[in-house]
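What follows is a single structure, written as structure tokens, with notes after it.
The values are calculated or read from the model by the stated rules, or taken from the named source; none is laboratory data. Source: prediction; values computed, not measured. For neighbour counting, all protein chains shown are included, and Cβ atoms are generated from backbone atoms with ideal geometry for every residue, glycine included.
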């Protein structure tokens, strides 16, 4: 699938729009992402020293913007990174969408990436520390292959993330829970999975707690007894995972719908024992897991549709999702 | 010290030289590192998905070039990264040094960085896979503050690297032992150390084995009994550390000088019990450790000079080090 996505992205990337944020352009400045923008001494490029968010924009409406900006600020706090204010990000994203509209080519499905790095090595500190890093927004039409994969069953492999479940608490310098640019391990785990016939990965700790996917959050569904609501659960954050913005949106809607919610340490055995397992992410939405290593998992397309509908409740002005 | 280095680097960086390597320029093409070179979709910049080496060049002679190219190839293997051939790197480095010479400004001490990333997201594969990534060499005058810190005693703190000593073997997707661009944790550990009054870090595994520094290798010296040679030891590589090129060069010379050599799992207690502890790296060379957390360690400037002299033996044409 990755190869197909890459091909499609190539076609689409012709239309990508970049918006830079700096002290002179606190509300953003359009750039062409096909032209070089970063110096080879940028600490994002040579140290993976920066953070990011990937958002989804449907029909010009950005999904969960506040949740993404909150998580960006949380990552910046963990990494002690300078961060432009929320109003700068909002203005830059608006400018990017406006640019598409002006060109008359606003795609229905946009992926919007927010990135900030620690800036250029050895550059003097900016007058305003909020703009000391290198910050940009990249708006790209969402790859067709990715949209088409929504709701499709996936086979996943459980991979050891190396650390145990207390590492996040005892060793803050490991930056667990921050969405940093140092993603080489996540990419390597995905390559390992594809090479072994899987579509995706669920990480676990070395002491056997379920964590998250390299680019997703794990959701478990237990069906209730006749007449009682289903129970939705997800691993607790204390084990050093990202707070999932999609998981958060689904949980909020599920609670309103009367579902039971649960957070907690989850073991691989509890994954297998769930009625259904899903991976949730901002652009791919919810993917039902049909196999965890050699354990087959039941897939229920109605339930996938139900979760997707819960997620759609979060849409501004109640606009329906098209999937 | 970092602030001072940054200031100096700023002055020096005026004179930095960049050399790009690609399919059209397999022997390198000079670029100005003050101009943007990388796209915001480069996987090095947005995923930390790439590898690097930092070499030292003294008086126009590159130190341990073969060892660095071997380690670069080893990192590429672990990360399954496309890598230009050694002859391209050699030619590009030569071109960069020549550029300094042509300008009449070849610095006595140069830091030479070799970097290759997985390339631009969604770009079609290059005809020659060796040039599918984004590759460059950056030559920068070595910061005066860094040169001045050579041989100076340092206080270090032992920090948990999160994983245990068997992680490298059981979970190759963690890329332990590869020198990747995903260095955010190394940078965070150094910040943590400075904030707590230390100069540097020695990482340990969660099960108590000594690993390496964020940018250095750990060396232990045990003085022999009267008339017997000293013993030099370093943590074994199986625990998931980088093979140190400086450690390798010192070990080779020490062996010729009749020292005893040792590799093995080392505990923090063994660190404390050593007569002397050093951190070794390519540009800073050897730094004697004067304190490990609250344990004072004896510093012997003659021994520091002796180790530096051993390292100097590795210099081509026996050129003496100037420190």
Problem set entry | Filtered residues of the stretch A:33-48 (kept if at the interface with chain B (Cβ under 7 Å from one of its Cβ atoms) and farther than 21 Å from residue A:139 by Cβ) | A:39, A:40, A:41, A:46, A:47, A:48
Problem set entry | Odd one out for residue B:140, checked against (1) under 19 Å from the mean Cα position of the chain (by Cα); (2) outside any strand (DSSP E or B); (3) not assigned by TED's automatic domain parsing to the domain that holds residue B:296 | (2)
Problem set entry | Checking residue A:205 against (1) surrounded by fewer than 21 Cβ atoms within 10 Å (Cβ to Cβ); (2) within 29 Å of residue A:296 (Cβ to Cβ); (3) in contact (Cβ under 8 Å) with a residue 12 or more places away in the chain, the condition it does not meet | (1)
Seminar exercise, completed: Filter the stretch A:287-322 for residues that are assigned to a loop (DSSP other than H, G, I, E, B) and modelled with pLDDT under 90; the one that is surrounded by the fewest Cβ atoms within 10 Å (Cβ to Cβ) is A:320
For this session: Restrict the check to the stretch B:59-68 and report whether at least one residue is closer than 28 Å to residue A:136 by Cβ and more than 12 Å from every other protein chain (Cβ to nearest Cβ).
Result: no
Problem set entry | residue B:60 over 18 Å from residue A:41 (Cβ atoms) and surrounded by fewer than 22 Cβ atoms within 10 Å (Cβ to Cβ) | yes
Seminar exercise, completed: Among the residues of the stretch B:115-145, the number that are closer than 26 Å to residue B:280 by Cα, away from chain A (no Cβ under 11 Å) and either surrounded by 19 or more Cβ atoms within 10 Å (Cβ to Cβ) or out of contact with any helix residue (DSSP H, G or I) (no Cβ under 7 Å at 6 or more places or on another chain) (or both) is 4
Exercise. In the list A:69, A:38, A:43, which residue meets the criterion of being more than 21 Å from residue A:16 (Cα to Cα) and either more than 22 Å from the chain's Cα centre (by Cα) or buried (at least 22 other Cβ atoms within 10 Å of the Cβ) (or both)?
Worked result: A:43
Problem set entry | Selection status of residue B:140, in contact (Cβ under 8 Å) with a residue 12 or more places away in the chain and either farther than 20 Å from residue A:188 by Cα or out of contact with any strand residue (DSSP E or B) (no Cβ under 9 Å at 6 or more places or on another chain) (or both) | yes
Exercise. Within the stretch A:146-162, restricting attention to residues that are part of a strand (DSSP E or B) and in contact with a helix residue (DSSP H, G or I) (Cβ under 7 Å, 6 or more places away or on another chain), which residue is nearest to the other protein chains (Cβ to nearest Cβ)?
Worked result: A:160
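If you check residue A:200 against the conditions, is it closer than 30 Å to residue B:177 by Cα, touching a helix residue (DSSP H, G or I) at 6+ places or on another chain (Cβ under 9 Å) and either surrounded by fewer than 19 Cβ atoms within 10 Å (Cβ to Cβ) or more than 12 Å from chain B (Cβ to nearest Cβ) (or both)?
yes
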For this session: Name the residue, out of B:233, B:149, that is under 17 Å from the mean Cα position of the chain (by Cα), farther than 24 Å from residue A:182 by Cα, surrounded by fewer than 20 Cβ atoms within 10 Å (Cβ to Cβ) and in contact (Cβ under 8 Å) with a residue 24 or more places away in the chain.
Result: B:149
For this session: Give the residues of the stretch A:167-191 that are more than 7 Å from chain B (Cβ to nearest Cβ), at negative phi and in contact (Cβ under 8 Å) with a residue 40 or more places away in the chain, sorted by residue number.
Result: A:168, A:169, A:172, A:176, A:178, A:179, A:190
Exercise. Of (1) within 22 Å of the chain's Cα centre (by Cα); (2) over 19 Å from residue A:184 (Cα atoms), residue B:114 satisfies all except one. Which?
Worked result: (2)
For this session: Look through the stretch A:94-105, keep the residues that are more than 17 Å from residue A:65 (Cβ to Cβ) and out of contact with any strand residue (DSSP E or B) (no Cβ under 8 Å at 6 or more places or on another chain), and return whichever of them is farthest from the other protein chains (Cβ to nearest Cβ).
Result: A:104
Exercise. Just a yes or no: is a residue in the stretch B:84-107 within 15 Å of residue B:181 (Cα to Cα) and touching a residue at least 40 places away in the same chain (Cβ under 8 Å)?
Worked result: no
